[in-house]
Amino acid sequence: MAKKIKVATTSLAGCFGCHMSFLDIDERILQLAEVAEFDRSPLTDIKHCGDIVDIGLVEGGLCNAENVHTLREFRKHCRTLVAVGACAINGGLPAMRNHIALEECLAEAYLQGVGVDNPHIPNDPELPLLLDRVHPIHEVVKVDYFLPGCPPSADVFWKFLTDLVSGREPSLSYELVHYD
Amino acid sequence: MTTNPTITIDGKTVPFREGETLMEAATRAGIYIPHLCHNPEFTPHGSCKLCTVQVNGRNCRACTFPADVGQTVLNDTQELNDTRRTITQMLFVEGNHFCPSCEKSGNCDLQGAAYFLNMLDGHFPYFYPSRQMDASHPDVLLDRDRCIFCELCVRASREVDGKNVFGIAGRGIGNRLVVNSSSGLLKDSELDAGDKATQVCPVGAIIVKHHGFEVPIGERIYDGKPIDEVSLAKEMAMGEGENG
Ligand code: SF4
Ligand code: SF4
Ligand code: FES
């Protein structure tokens, strides 16, 4: 049997919607499993890429220091890196905080917010530090392909992966390109 | 009988009338040239550069450039469409375009043009400029994050409404749409919801309130039809109206 293509996925500052949409390929996942196997992914619960993987899908942008670290490590392990969804591509809805000072954001969430009791800003050393602004991933690593959408539909994942697996240059037709 | 003078666009012979721009001649011939700041109802402005075509080897803006005999025009070439995609990416990164939360999504010309040009990402680093929202008017919202400075609202307010409500101030990344009122707020301006200036914004910067998300996803303008078809259907019909 031919060697299977290794696919890894990760979620940074996203909502997991892109991963859910990927799973919307439904029973086609069986076809995919014939030619591909999952490495690191929230779907397998493997936390780090075992070795070099062929395709790495990144959901979410960069909102904290850990996201940046994860992305850099992920890039090192992926032959082809794909930015999946609005947040990875342009920061998405989390980036709507970019014109508000970080201090104000934290105060709103943890000090003045409705229903907050014991108001204090979390400062456990385990918590990753927030970046002052949310960034899309292409500002930090080289990105090979982009799948727009919030989320991209299952058909986008399917078209892209089947193109790539069969050695075609991936392309998305008009119906498959949307930003919402 | 006099025959109209002609130019060629992508090898096709296109007649034009004295004084017409390349955009006008092309539209009448059923040829789509991508555009955002051009709207046949108003004086050309020539700011977005999306309509860049090549005329006898030089890049020009089709919406302002007069047609003339002897012109060989290139329009639908990969090189020009690549340039237009880059221009569109610049428009996206210079503003704050979060389409999933925008009422105009699906009906937006900037988004429609980006889809047409198969733009998949913003390519450049994002500026995330800080711009003020003006929600003061009871019927009209001004979300400056989405403004592309096409000046269509400026032209409509001046040329049709006779009110001069809008203007552009600043330069470069500091550009801002400003409102002509004592407080600088829309609520204190002469703007009414029915004004032409509220109807012409090609993006989601000027929005008439109380109509958000009325049309479901799947039925919005650019969900089904690409902007070249939509634009030609609309603008050719407008042209016929004028001549008829
Ligand atoms: S104005 Fe258009 S491009 Fe900008 S956020 Fe709204 S739909 Fe997207
Ligand atoms: S508000 Fe709309 S119509 Fe006015 S300049 Fe900005 S993009 Fe153009
Ligand atoms: S349409 Fe010609 S410059 Fe904008």
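Remarks
- Computed over the range B:88-212, the ratio Rg/Rh where both radii use C-alpha atoms and Rh is Kirkwood: 0.96
- Leading residue at positive end of dipole, the protein assembly as shown (Cβ point charges), from B:Gly70, B:Pro216, A:Gly50: B:Gly70
- Ranked by the mean number of other Cβ atoms within 10 Å of their residues, highest first, the peptides A:100-111, B:125-136 come out as B:125-136, A:100-111.
- For the range A:1-77, the direction-averaged projected area of the alpha-carbon convex hull comes to 5.2 nm².
- Gyration tensor verdict on chain A (Cα atoms; rounded if a/c is under 1.5, prolate if a/b is larger than b/c, oblate otherwise): prolate
- Straight-distance crosslink candidates among aspartates and glutamates, where the alpha carbon sits under 20 Å from A:Lys142 and sequence neighbours closer than 8 are dropped: A:Asp51, A:Asp54, A:Glu59, A:Glu66, A:Glu73, A:Glu169, B:Asp121
- Inter-chain neighbour count for B:118-127: the average number of beta-carbon atoms from partner chains within 10 Å of each residue's beta-carbon is 6.
- Once C-alpha pairs closer than 8 Å and six or more residues apart are averaged by separation and normalised to the residue number of the range A:1-47, the relative contact order reads 58 percent.
- Debye intensity ratio I(q)/I(0), log10, chain B, q values 0.07, 0.14, 0.15, 0.16 Å⁻¹ (C-alpha model): -0.25, -0.97, -1.11, -1.24
- Translational diffusion of the protein assembly as shown, µm² s⁻¹ [Kirkwood Rh, Cα pairs; Stokes-Einstein; 20 °C; 1.002 mPa s]: 90 µm²/s
- Here B:Lys234 is the anchor, and the lysines within straight C-alpha reach of less than 19 Å, apart from those fewer than 8 places off in the same chain, are B:Lys104, B:Lys196, B:Lys225.
- Rel. contact order, % - alpha carbon contacts under 8 angstrom, at least six apart, chain A: 25 percent
- Taking one quarter of the surface of the convex hull spanned by the alpha-carbon atoms of the range B:6-76 gives a direction-averaged projected area of 4.2 nm².
- Cα centroid separation - the range B:79-140 against the range A:1-68, whole Å: 29 Å
- With R₀ set to 51 Å, the beta-carbon distance separating B:Asp188 from A:Asn64 gives a calculated FRET efficiency near 0.75.
- Distance in nm between pseudo-label sites at B:Gln78 and A:Arg168 (7 Å out along the Cβ direction from Cα): 1.8 nm
- Pairwise FRET efficiency - B:Glu240 versus A:Val114, Cβ, R0 = 41 Å, nearest 0.05: 0.10
- The mean number of Cβ atoms from other chains found within 10 Å of a Cβ in peptide B:98-110 is 4, as a whole number.
- Axis of helix A:65-77 versus longest Cα principal axis of chain A: the two differ by about 20°, to the nearest ten degrees.
- Within 10 Å of the Cβ of each residue in A:96-103, the mean number of Cβ atoms contributed by other protein chains is 3.
Every read-out reported here was derived from the displayed coordinates using simple, explicitly stated rules and does not represent laboratory data. The shown structure was predicted, so the numbers you read here are calculated from the model rather than taken from an experiment. Glycine also receives a Cβ, built like all others from the backbone with ideal geometry; neighbour counts cover every protein chain displayed.
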